[in-house]
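Heads up: the structure comes next, in structure tokens.
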Amino acid sequence: MTLWSETVSSLDDLYVVTDRLDVTPGWVNRSTPIFWDSPRTAFVPARWHYDEVRRSLDDAGRLIDVELAERRNLVLRNPHTGNDFATTRGFACAYQMILPQEVAPTHRHSPHAVRLMIDAVGTYSVVDGERIPMESGDVVLTPGGSWHGHGHDGHEPAYWFDALDIPLVHLLEPMRYEEHPDRFAPIVSRADTSPYRFRSEDIQARLDAAPSAPDGTHGPKIWLDAPEMPSMGLTVERLASGTTTTPHRSNANRVFVVMDGSGTTTAGDTELTWSRGDTVVVPTWSTYHHAATSDATLFGVSDEPVMRALNYYRE
Ligand SMILES: [Fe+2]
């Protein structure tokens with residue numbers, strides 16, 4: 001038999017030819033289907049207690065030297081089989097700690113990154129040469145491709161949560177990573193306010209004036225604008241003590257970090273209790289609601305803007 005069609009007299013003959021051509025017949029049954037009827041994921045609802053992870057970070061602070069300070073973080077690995085990195089399908093989140101007087105070398109990479117400072121006094125970020133404070137309650141952005149580093153002039157260890165869209169970059173494969181040729185890029189300016197810093201007091205002032213959802217799906221809520229980081233939807237919402245939100249389901253993958261207060265998030269059949277600093281994951285298409293047992297504030301990171309931009313978003 002040759003590659004010429006006139007010699008193909010059976011499907012088996014045809015499959016020999018299609019195999020050589022690196023094409024797969026669309027009509028054969030596959031062990032893994034291509035389509036399914038509604039969103040499904042291997043990622044599970046999950047929660048990490050900040051106090052527990054922070055203890056391990058303190059241990060790492062004793063055991064890992066300043067050369068590795070930039071990578072002294074603990075990645076929130078979604079506990080599904082075979083996963084050792086991603087927190088949701090598109091995001092890798094971590095808690096990170098920096099010790100007084102440490103400085104992380106300047107570098108840049110394709111993935112976008114956001115930080116929520118949990119316990120930090122005297123810490124700063126340097127983005128494209130501008131030094132900005134990043135302290136407890138602040139949200140700080142490092143858009144993909146920007147030179148960035150950070151340091152700590154305070155007296156106590158500092159802790160934060162960060163989220164990067166690394167798994168999304170792995171999927172689409174535009175990864176780049178580069179260390180700065182001078183190791184520490186010079187600081188050319190200092191600023192207190194920046195498009196890359198959402199100050200704690202500004203966030204709280206905006207929340208004071210923010211509306212709740214008429215359908216009860218969230219309390220007073222604001223969006224933090226990050227136009228250079230369109231893969232991430234960043235929100236902050238408040239829940240008054242005793243409030244239970246109306247159950248909600250969408251195909252966005254969501255991460256919530258507790259800025260303040262305590263309560264429970266129910267995602268599908270999973271109940272996840274939380275208090276200050278904890279992180280909760282609600283994967284795609286999980287029906288979820290929050291119940292606050294004290295006045296609470298939740299920072300949210302989601303891929304909702306990606307779902308919307310691609311016209312996939314449904315709720
Ligand atoms: Fe980085």
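The values are calculated or read from the model by the stated rules, or taken from the named source; none is laboratory data. Quantities reported herein were computed from a predicted structural model and do not represent experimental measurements. Don't worry about glycine lacking a Cβ; one is built from the backbone with ideal geometry, like all the others, and counts go over all protein chains shown.
Which condition number does GLY261 fail, the rest of (1) touching a residue at least 60 places away in the same chain (Cβ under 8 Å); (2) touching a strand residue (DSSP E or B) at 6+ places or on another chain (Cβ under 7 Å) being met? All conditions pass for GLY261, except number (1).
If you filter the stretch 192-223 down to residues that are aliphatic (A, V, I, L, M) and loosely packed, with under 13 Cβ neighbours inside 10 Å, you find that the one that is nearest to THR106 (Cα to Cα) is ALA205. Of the strands (runs of 3 or more DSSP E) entirely within the stretch 152-269, those holding at least 2 residues that are closer than 27 Å to VAL44 by Cα occupy 158-164, 221-224, 233-239, 254-260, 263-267. For ASN311, the criteria (1) at negative phi; (2) in a loop (DSSP other than H, G, I, E, B) hold in every case but one, which is (1). The residues listed here are ARG238, ARG183, ARG254, ARG249; of these, the one that is of a type in the set (Lys, Arg) and assigned by TED's automatic domain parsing to the domain that holds VAL127 is ARG183.
Restricting to the stretch 175-187, count the residues that are loosely packed, with under 11 Cβ neighbours inside 10 Å and either under 21 Å from the mean Cα position of the chain (by Cα) or of a type in the set (Val, Ile, Thr) (or both). Residues in the stretch 175-187 being loosely packed, with under 11 Cβ neighbours inside 10 Å and either under 21 Å from the mean Cα position of the chain (by Cα) or of a type in the set (Val, Ile, Thr) (or both): 1 in total. In the stretch 33-67, the residue that is nearest to ASP162 (Cα to Cα) out of those that are of a type in the set (Ser, Thr, Tyr) and touching a strand residue (DSSP E or B) at 6+ places or on another chain (Cβ under 8 Å) is TYR50.
Can you say whether ASP22 is outside the structural domain of ASP128 (by TED's automatic domain parsing) and acidic (Asp, Glu), as far as the supplied structure shows? In short, yes.
Could you check, for the stretch 210-218, whether at least one of its residues is among the acidic types (Asp, Glu) and closer than 18 Å to ALA296 by Cβ?
Here is the first cut: in the stretch 210-218, the residues among the acidic types (Asp, Glu) are 215.
Now narrow it down to the ones that are closer than 18 Å to ALA296 by Cβ: none.
Within the stretch 210-218 (the criterion being among the acidic types (Asp, Glu) and closer than 18 Å to ALA296 by Cβ), the answer is no, since none of the residues qualifies.
Given the residues GLY219, GLY242, which is the only one that is touching a Leu at 6+ places or on another chain (Cβ under 6 Å), in contact (Cβ under 8 Å) with a residue 24 or more places away in the chain and more than 30 Å from PHE85 (Cβ to Cβ)? Selected residue: GLY219, the only one of GLY219, GLY242 that is touching a Leu at 6+ places or on another chain (Cβ under 6 Å), in contact (Cβ under 8 Å) with a residue 24 or more places away in the chain and more than 30 Å from PHE85 (Cβ to Cβ).
Being among the hydrophobic types (A, V, I, L, M, F, W, C) and more than 13 Å from the ligand (Cβ to nearest atom) is the requirement here; does LEU141 meet it? I'd like the intermediate steps shown before the answer.
On the way: among the hydrophobic types (A, V, I, L, M, F, W, C): yes; more than 13 Å from the ligand (Cβ to nearest atom): no.
For LEU141, the condition - among the hydrophobic types (A, V, I, L, M, F, W, C) and more than 13 Å from the ligand (Cβ to nearest atom) - is not met.
Between ARG176, ARG199, ARG183, the distinction of being modelled with pLDDT of 95 or more, within 16 Å of the ligand (Cβ to nearest atom) and basic (Lys, Arg) belongs to ARG176 only. Working carefully through the options LEU272, LEU310, find the one that is over 19 Å from PRO79 (Cβ atoms), more than 17 Å from the chain's Cα centre (by Cα) and surrounded by fewer than 22 Cβ atoms within 10 Å (Cβ to Cβ). Matching residue, one of LEU272, LEU310: LEU310. The number of residues in the stretch 222-237 that are closer than 18 Å to ASP138 by Cβ and without any contact (Cβ under 8 Å) to a residue 60 or more places away in the chain comes to 3.
Mind listing just one residue for me: the one in the stretch 144-162 that is of a type outside the set (Phe, Trp, Tyr) and within 12 Å of the ligand (Cβ to nearest atom) and, of those, surrounded by the fewest Cβ atoms within 10 Å (Cβ to Cβ)? Can you show your working first?
The first filter runs over the stretch 144-162 and keeps only residues of a type outside the set (Phe, Trp, Tyr), leaving 144-146, 148-158, 162.
Next, from what is left, pick out any that are within 12 Å of the ligand (Cβ to nearest atom): 144-146, 148-150, 162.
Working: GLY144: 19, GLY145: 15, SER146: 19, HIS148: 23, GLY149: 22, HIS150: 27, ASP162: 21.
Filtering the stretch 144-162 for residues that are of a type outside the set (Phe, Trp, Tyr) and within 12 Å of the ligand (Cβ to nearest atom), the one surrounded by the fewest Cβ atoms within 10 Å (Cβ to Cβ) comes out as GLY145.
Listed here are the strands (runs of 3 or more DSSP E) enclosed by the stretch 33-124 that have at least 2 residues being within 16 Å of the ligand (Cβ to nearest atom) and surrounded by 15 or more Cβ atoms within 10 Å (Cβ to Cβ): 73-75, 92-98, 103-109, 113-119.
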